[in-house]
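Before any comments, here is the structure.
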Amino acid sequence: MTDKSIQELAVSVGLPVEKLLDQVRNAGLPQQKADDKISTEQQSTLVDHLKKIHGQGDGDAGKITLKRKTTSTAKVASTSGKAKTINVEVRKKHTFTKPNPEQMKAEALAKAETQTRTLADLKARETGDGKKTEQPENKAKATLDAMRAAQKKETAKVTQKAEVVVKRRSTNKTITKATVKTIETPEQKRIREAESAKLKATEEAARRKSAEEAQQRTLEQMRQMATKYSGDETAPVIRVVDDSPLAAGLVGQAYEDSFAKEDREIKRGTNTPSTRAPKKGGRRGQEEQSFSQNQHKRGLKTSQANKHGFEKPVKKQVYDVEIGETIVVADLAAKMAIKVREVIKSLMKMGELVTQNQAIEQSVAALVVEEMGHNPVLVSDTQAEDNLLEAAEEARGAQTTRPPVVTIMGHVDHGKTSLLDRIRRAKVAQGEAGGITQHIGAYHVETEKGIITFLDTPGHAAFTAMRSRGAKATDIVVLVVAADDGVMPQTAEAIDHARAAGTPIIVAINKMDKESADPDRVLNELTVKEIVPEQWGGDVPVAMVSAHSGQGIDELLDLISIQAELLELKASEEGAAQGVVIESRVDKDRGAVASILVQNGTLKVGDLVLAGGSYGRVRAITDENGQRIKSAGPSIPVEILGLPEAPMAGDEVLVVNDEKKAREVADARIAREREQRLERQSAMRLENIMASMGKKDVPYVNVVLKTDVRGTLEALTVALSALSTDEVRVRVIGSGVGAITESDVTLAESSEAVLLGFNVRADTTGRQKADADGMDIRYYSVIYELIDDVKAAMSGKLAPEHRETILGVAQVREVFHSSKFGAAAGCMVLEGMLHRNKPIRVLRDDVVVFQGELESLRRYKEVVDEVRAGMECGLAVKGYKDIKVLDKIEVYDVQLIKRSL
Ligand code: GDP
């Protein structure tokens, strides 16, 4: 105990401040207000006072305090009418008085004696009835009765312990039997007594033995139950809590009422472990019932059996449970040796709805572990790795300038490949490898201003794939825009990707040799995208080039070198190599071949290399020209042999000197990868981003937004950006007009953004990617609903959601005009089921062009209500005549889903 304010103390013992203040006043202490300090001594005084109230004085050494905590959730309506879930935690405490065998024996004896006396008196009065005077026979009989009773008493004394434990009411029985009906001679009496004593001795021995056995069995059963339910919060074995006496005292009083009931039940012997545990636990419930039945068969009172169980509390195995930054629910359960559903149950009580394959955060996992009575040990996932990196860093020598690594991005056909080829042809010395060059995903060129390394994996997928794996391989992005074509969707996308990664951009306006080239138009369009060229006062360098003629290539390389200088890229050639996987494949003859970009240190043949989740010794290093080399320094791309399996692009590569450490880190990475994947899958959902707002330090909600028309896009972007507050910012990190593509999904995934589609749908590949990554795409057709959802995401609250489910999609194969319906469409149902009476949308190139309902739905001539996937049908859309071949008809349903976080 330390000095605290009343407020703090109330929090630490879980009592309302008012209640605590009452208790403080009752204890005669001076504190009056919540922020008054209460000293250690005063806390002790309070404890003593409370102990007195609850009869928990020092003399109660035989008491055991059992504490039990249950958490549940209650749904209440808030002022706004929305349902709110509140976590309710009830802490119960019960004090069992440990049975004192001596005292029990004495009490039972005294009771037996009184009863014997009363019975003997009664008998005496009965026999002497009507005679009034005491006859000698009566006197003799009374003496005899007294003697018999005394003998019985002796017997009772011997059997007391077993009797009391096994059958409490047996004292009565014994006494009843002790009444004597016949009169015998002293001789008869002596013989009978001798025989009876012998018999009693034998009986006694047998009874004691069976009682002992029964006790033993009960104890054993208790022990088994304890083992079986170890970790189970509802288990009958209740931990003896040695919490601070103050807390126990205070909580004791606060929950007196709730215990009174339990006390009564315990006194009646009904509050057995089986009745306490949940009945509807399936198999668990049955097991408990059969346990209690068995006990009844043996004529044992469970409550008494309990006392024996508690006399020697069964020690529960307490584990030290290591928890990384995240942990998969199933793994957590395994670490505590309990069933997964117990963990899920416990999480549910905390208001977390998870499945066994979901990863939960360290802090949440720690709560569960504590709840289960184990010790959480928090570890950093990357501890082993960090140690390795640190060691590698320490071994590194002086840093020198390293060459920049450049990625070329841009719209398809704007000349990325041609440009890379041109640079390569111009700058890489011909004939080095007899003219044979091989594609290893990267190459470096030597210019007058120094070396430049190009990642030869054009396309945004490679760039984002690396980024989503946490690797930052690229220093500079060269954005290629065809002078005759201007900014195109993938140009915009490349800008989004580069921005999201925080990589500087250099623009190369290509195809300047063409007559139709219009660089000013391109620059204009780029400015709209907030890429303001240097010549226009911005900060983006622009080169006018032609991959065909070679015009401007040197200028471009110069710009790259200048940018690199500004970036002050540094690395050391000394020490263990560290780098990133650019590409990898499995070669039939050579095994796994990995292209690696060394980022720091020097990679040598024979090094033990750890790449992603696997490690192996480098057998050979090849440069981009297919030449065997012995070592490679920073920013140099090479191909290595020797890994047991092909690593993934973006995997980090590290040279280690100790195989044991390599294995340790590889295992940790595999586990982390799995957890991150699972976590990503759930984190990508809008609800979860909202849920995490309160917990994690998430300063912004990232949004990737696609709409049907530019006007809406601009309106929505402005509206969403305006939602930003000091605490939470909304960032539209990607936007565009048209269907949600694979690239949008990748961008959203790597930037932990939510994907919102307004009147557009994901195209096939986009949908496949979203499904594979477990990304949630939200479709809207009402602007304020979209804004409301994002707003809710920011405030961490979610209103009941009108969620659309797409029931079926059909594609228009043929259109014919009928005088009756206008345009009728011959369709093929692609997925799901078409329903005649549900709302529909007409999509053209995955953009909504009409919203309404069906006029008719037919199979052949017949009007039908539903048509399932794979079937053809004819339909007409009410009020829409402009239907075209290849349009899609989407049938959907709107459901109101109540959110609970
Ligand atoms: P990528 O899809 O961005 O890799 O583009 P490619 O490099 O494959 O080029 C697409 C087309 O544009 C090819 O037909 C090239 O010949 C042509 N092209 C590329 N660069 C130039 C250029 O500077 N001038 C002209 N006229 N055509 C070019």
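The values are calculated or read from the model by the stated rules, or taken from the named source; none is laboratory data. Predicted, not measured: the structure shown is a model, and the values here were computed from it. Methodologically, a virtual Cβ is constructed for each residue, glycine included, from the backbone with ideal geometry; neighbour enumeration extends over all protein chains shown.
Take A576 and tell me if it is within 16 Å of the ligand (Cβ to nearest atom) and either crowded, with 20+ Cβ neighbours inside 10 Å or of a type in the set (K, R) (or both). Answer is no for this residue. You will find that of L569, L603, L597, the residue that is among the hydrophobic types (A, V, I, L, M, F, W, C), in contact (Cβ under 8 Å) with a residue 24 or more places away in the chain, under 30 Å from S614 (Cβ atoms) and in contact with an Asp or Glu (Cβ under 9 Å, 6 or more places away or on another chain) is L569 and no other.
Scanning the range 856-875 turns up no residue that is within 45 Å of the chain's Cα centre (by Cα), within 23 Å of F758 (Cα to Cα) and either modelled with pLDDT of 90 or more or not aromatic (F, W, Y) (or both). Of the residues making up the range 585-594, those that are surrounded by fewer than 23 Cβ atoms within 10 Å (Cβ to Cβ), part of a strand (DSSP E or B) and either touching a residue at least 12 places away in the same chain (Cβ under 8 Å) or touching a Gly at 6+ places or on another chain (Cβ under 7 Å) (or both) are R585, V586, G591, A592, V593.
Under the condition of being without any contact (Cβ under 8 Å) to a residue 40 or more places away in the chain and either in contact with a helix residue (DSSP H, G or I) (Cβ under 7 Å, 6 or more places away or on another chain) or under 19 Å from R761 (Cα atoms) (or both), the residues counted in the range 809-838 number 1. Applying the set (1) buried (at least 17 other Cβ atoms within 10 Å of the Cβ); (2) on the phi < 0 side of the Ramachandran plot to D846 leaves exactly one unmet item: (2).
Looking at the range 622-643, which of its residues are closer than 15 Å to R585 by Cα, without any contact (Cβ under 8 Å) to a residue 60 or more places away in the chain and among the β-branched types (V, I, T)?
Let us first name the residues in the range 622-643 that are closer than 15 Å to R585 by Cα, namely 622, 638-643.
Then keep just the ones that are without any contact (Cβ under 8 Å) to a residue 60 or more places away in the chain; that gives 640-643.
Listed by number, the list holds a single entry, I640.
Only residues that are without any contact (Cβ under 8 Å) to a residue 12 or more places away in the chain and in contact with a Ser or Thr (Cβ under 9 Å, 6 or more places away or on another chain) were counted across the range 385-427, and they come to 1. Among the residues of the range 461-479, some residue qualifies, meaning at least one is touching a helix residue (DSSP H, G or I) at 6+ places or on another chain (Cβ under 6 Å), modelled with pLDDT under 90 and farther than 18 Å from S743 by Cα.
Kindly indicate the residue of the range 535-548 that is more than 12 Å from L419 (Cβ to Cβ) and part of a loop (DSSP other than H, G, I, E, B) and also farthest from the ligand (Cβ to nearest atom) among those meeting that condition.
Filtering the range 535-548 for residues that are more than 12 Å from L419 (Cβ to Cβ) and part of a loop (DSSP other than H, G, I, E, B), the one farthest from the ligand (Cβ to nearest atom) comes out as G537.
Taking into account only those residues within the range 482-523 that are under 23 Å from T741 (Cβ atoms), among the charged types (D, E, K, R) and within 15 Å of the ligand (Cβ to nearest atom), which is nearest to the chain's Cα centre (by Cα)? The selected residue is E493. Which of the residues belonging to the range 386-426 are away from the ligand (no atom under 16 Å from the Cβ) and in a helix (DSSP H, G or I)? Those that are away from the ligand (no atom under 16 Å from the Cβ) and in a helix (DSSP H, G or I): D386, N387, L388, L389, E390, A391, A392, E393, E394, A395. Look at R590 and say whether it is within 19 Å of D651 (Cα to Cα) and among the basic types (K, R). The answer is no for R590. Scanning the range 10-33 for residues that are closer than 10 Å to L46 by Cβ and not in a helix (DSSP H, G or I) yields A27, G28, L29, Q31.
Of the residues T765, T725, T717, which is outside any loop (DSSP other than H, G, I, E, B) and in contact (Cβ under 8 Å) with a residue 24 or more places away in the chain?
T765
Listed by first and then second residue, the pairs with beta-carbon distance under 7 Å, at least 6 apart or on different chains, first residue in the range 525-547 and farther than 27 Å from R425 by Cβ, second surrounded by fewer than 19 Cβ atoms within 10 Å (Cβ to Cβ) and aromatic (F, W, Y), are T527/W536.
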